[in-house]
Structure formats: C-alpha cells, structure tokens
Amino acid sequence: GDSVTQMEGPVTLSEEAFLTINCTYTATGYPSLFWYVQYPGEGLQLLLKATKADDKGSNKGFEATYRKETTSFHLEKGSVQVSDSAVYFCALRVDTGRRALTFGSGTRLQVQP
Amino acid sequence: NAGVTQTPKFQVLKTGQSMTLQCAQDMNHNSMYWYRQDPGMGLRLIYYSASEGTTDKGEVPNGYNVSRLNKREFSLRLESAAPSQTSVYFCATSINRDANYGYTFGSGTRLTVV
C-alpha cells in the first residue's frame, strides 16, 4: 500500500540554522505530495505541495522538491525561527483507490533562541 | 469565517459509553474526512465521505460509524468506547476527492477513554 516515511524527531536547532526534514514515499501510480504543519493545540495547515515530478513547492521560506527518482520530498528552510517550532507532516495522495491523504508519522521541530 | 468546526474539543468517556463527534464546515466542500492522530503514528484515516450521501471506510474503521447528515455536516460515532480509541480526532474537508488544493482541518477533539 501507499506509505510515507519521515525522519524521527525531535529535531532541535538554534535560530537561523538550516533545516532539513527527510521524507520518502512508496506509492502506486503518480502521487501528489504535501507538507503540513501543526502548531501546538491546533489542526494541520497546508504548508506546501507539489503535484508532479521535479515540481518545487514553496511557502514562508520552506521548500521541497518532488524527486521521482529517489521517491523523496524533503523539506528545507535556510534559516529557521523560533516561531517555526511545530510538528511537520509529509503526506501523499494518489489518483486511485480512496484518493485520500496518507500521512507520515510527523517530525517535531524545536527551535531554540 | 469559521471553516471547519469540531465539537466537543475535549471529552472523557468510560469504557462502553457511546458518543458522537460533530464536524461542520461552511466552505461548501464536497468531501469530508475523519482522521485519528496517535503519537508516533501520524494521522490515520477512519472514514471519509467523497460527496453528500456517500461514506466509505478508511484505514482504521473498526469501532466507528459515520453519518453524512448533509453537505455541511459529517459526524463520527463511537458505539461502545474502548481505551484503544483514546486519541485526537480531526475532521478535514476538501473541494473534492481529486483536488490537489489540500485539506482544511478542524482544531481537533481530544478523547480519553478510561
């Protein structure tokens, strides 16, 4: 079945450090890929997405590139802020079967001042 | 602009009790979903409704039932709660099943079964 694997957290960084959160996937067909962010006590919010190979999604300084050859969609940010502290979820959706989002287990990011 | 509203926000149940989690949206979205979030497991799909009048099982449907009351409302029912159903429950919506616009999530219901 379809699945998403994320690096385990927590990831602890100092402010202005470079962030990478790894995400790889297994899917039938050609999935669309997403990153969601969850701040404490809230629901998930869409951060960015990419719908086909080599697409780059970007938002709020975060970027991720859809790499079909390595089945990856790693999240990056050049300079993190304390306000980026949250849980980040990688997800995919395929155009067959349920066509609902399948999520990874989430990676907690803690940014220290 | 409320978006997706879930009630209640918190609930404690005793084993064997029943309850219904409510979800309402004012976004005119066709598709609605119920997920549960457990530590280390991400979000898992319980049930979904592709459009008004249809419901289908997700990854972990056992112990749950759903009702798509109308286009706006999608409820999740636990008939006989078990400690394994302690979780945070999220309702989500999308324009339709094929949309790549992403989902809009409610703020969640934290359920504890003792």
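What follows draws every value from the coordinates through simple rules; no lab data is involved. The model shown is predicted, which means the values in this text are computed figures rather than measured ones. Reconstructed Cβ throughout: ideal geometry from the backbone, glycine too, with neighbour counts over all protein chains shown.
A few notes on this one:
- Unique residue being under 19 Å from A:Leu92 (Cα atoms), within 14 Å of chain A (Cβ to nearest Cβ) and not aliphatic (A, V, I, L, M) when the list is B:Gln37, B:Gln25, B:Gln6: B:Gln37
- Residues located in the range A:81-113, provided they are closer than 18 Å to A:Gln38 by Cα, within 14 Å of chain B (Cβ to nearest Cβ) and not hydrophobic (A, V, I, L, M, F, W, C): A:Tyr88, A:Thr102, A:Gly104, A:Ser105, A:Gly106, A:Thr107, A:Arg108
- Of the strands (runs of 3 or more DSSP E) lying entirely inside the range A:1-80, those containing at least 1 residues that are surrounded by 15 or more Cβ atoms within 10 Å (Cβ to Cβ) and within 14 Å of another protein chain (Cβ to nearest Cβ) span A:3-6, A:19-21, A:23-26, A:32-38, A:44-50, A:56-59, A:62-65.
- Consider the range B:69-114 and keep the residues that are among the small types (Gly, Ala, Ser) and facing chain A (nearest Cβ under 10 Å). The one that is nearest to A:Gly57 (Cα to Cα) is B:Gly102.
The rows are residues; the columns are (1) farther than 30 Å from A:Lys52 by Cβ; (2) among the basic types (Lys, Arg).
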site	(1), (2)
B:Asp38	yes, no
B:Ser51	no, no
B:Phe74	yes, no
B:Thr93	no, no
B:Arg97	no, yes
